[in-house]
Amino acid sequence: MQSTNGSVNGSQNGSTVTAAPALTPAQVQRYSRHLIMPNVGSAGQRALVGAKVLVIGAGGLGSPVSLYLALAGVGTIGIVDFDVVDVSNLQRQILHSDSDVGRRKVESAKETLEAHNPEVNVIIHEEPINADNAMDIVPNYDIVVNGADNFATRYLVNDAAYLAGKPLVDGAILVFDGQAATYIPGQGCYRCLFPDPPPPGEVPNCAEAGVIGALPGLVGSIQALETIKIAMNIGATLSGRMLIIDALTMEFREIKVRRNPDCKLCGANPEVTELIDYEIFCGIAPPQAVA
């Protein structure tokens, strides 16, 4: 529910967004299709303009997520990525084009988002998110969206969002399969469903198994919708359930995600009270020193 003091009450979705002041005439024109919706209106749009969203990754999922958030009018979008654009990215990563090959993804992303909506404030974090910097970055945002493609980052972002008290909108893609879920602090987390990562090598990533190019658009759009609903505090999110997508058969199903009282992170007696070494946790050998 939206309060009269310009804030969005976070009791339902875990996020407290400070709404922007009155919309400018240019914003009224740009977001007119939102403003005529009874469950959005001026209050909802001002919440979007006031929202600060952190997107982990400027790749397959981060591309549609950040693009649709910018188009929707989310005022501040932070993007964390340290990779460069490769030609093999272009069949799915719609933030980038052929002329961006070799550029830093965060630079290409910022340019694309600002071209679509000059009003958006794009903050780039050109570095890998890790246990050393996550708690310097995550607390500065209202909502976290995870588009990482490896388990070390997935667990790190889950833990950091929970410890910072931020809602997490999670997504994953592989071949023709996708999944999306929303984790609200106090209502369960990724570790409630998957306490520990699978053994190294058991689950391939997109670089090893591939992914159909349109699938990130589908899952990323779902993540963007979840983020928008959280920012405006409307509708029912995927909190408490995970959406599983088989794009080859176009079947959608849900599995329940209940808060585990024995969860290592959000349970009654948590073992994880600060960020850990996630590469070792996920069975990834630390890099060897070069003589």
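Helical runs assigned H by DSSP (4 residues or longer) give the chain a calculated mean residue ellipticity at 222 nm of -8500 deg cm²/dmol, each run adding -39500 (n - 2.57) before division by the residue total.
Residue 274 sits among other residues whose Cβ lies under 15 Å from its own Cβ, and their net charge, with Lys and Arg +1 and Asp and Glu -1, is -3. To the nearest 10, the accessible area of residue 114 is 70 Å² with a 1.4 Å probe. With the cut-off at 37 Å, report for the chain the share of all Cα pairs above it, as a whole percent. Taking all Cα-Cα pairs of the chain, the fraction more than 37 Å apart is 11 percent. What you get for the stretch 54-199, charging only the Cβ of Lys and Arg (+1) and of Asp and Glu (-1), is a dipole of about 300 debye around the Cα centre.
Ordered from largest to smallest accessible area (heavy atoms of protein chains, 1.4 Å probe), the residues 230, 255, 129, 284 come out as 284, 255, 129, 230. Computed extension gain for residue 269 through residue 28, at 0.36 nm per residue and net of the alpha carbon distance, reaches 81.9 nm.
Over the Cα atoms of the stretch 149-229, the radius of gyration divided by the Kirkwood radius equals 0.97; this is the Rg/Rh ratio. Only protein heavy atoms count here; under a 1.4 Å probe, residue 273 has an accessible surface of about 100 Å².
In a simple Cβ point-charge model (Lys, Arg +1; Asp, Glu -1; nothing else charged), the chain has a dipole of about 1220 debye relative to its Cα centre. Only Lys, Arg, Asp and Glu carry charge here, each on its Cβ (+1 for the first two, -1 for the last two); on that basis the stretch 161-242 has a dipole of about 360 debye about its Cα centre.
Membrane-span-like helices in the chain (whole DSSP H runs, Cα extent of at least 24 Å along the helix axis, mean Kyte-Doolittle hydropathy of at least -1.0): 215-232. Along the axis of the charge dipole computed for the chain (Cβ charges of +1 for Lys and Arg, -1 for Asp and Glu, origin at the Cα centre), the listed residues 180, 233, 59 are led at the positive end by 233. Across the stretch 134-189, Cα-Cα distances exceeding 17 Å account for 32% of all pairs. Compute the signed sum of charges (Lys and Arg +1, Asp and Glu -1) over the other residues within less than 11 Å, Cβ to Cβ, of residue 151. Spelling it out: positives minus negatives among the neighbours equals -3.
The values are calculated or read from the model by the stated rules, or taken from the named source; none is laboratory data. Given the structure is predicted, the values throughout are model-derived calculations rather than measurements. Please note: Cβ atoms are built from the backbone with ideal geometry, for glycine as well, and neighbour counts cover all protein chains shown. Quick note on the areas: whole protein, heavy atoms, side chains included, nothing else; ligands and nucleic acids left out. Shrake-Rupley method; radii C 1.70, N 1.55, O 1.52, S 1.80 Å.
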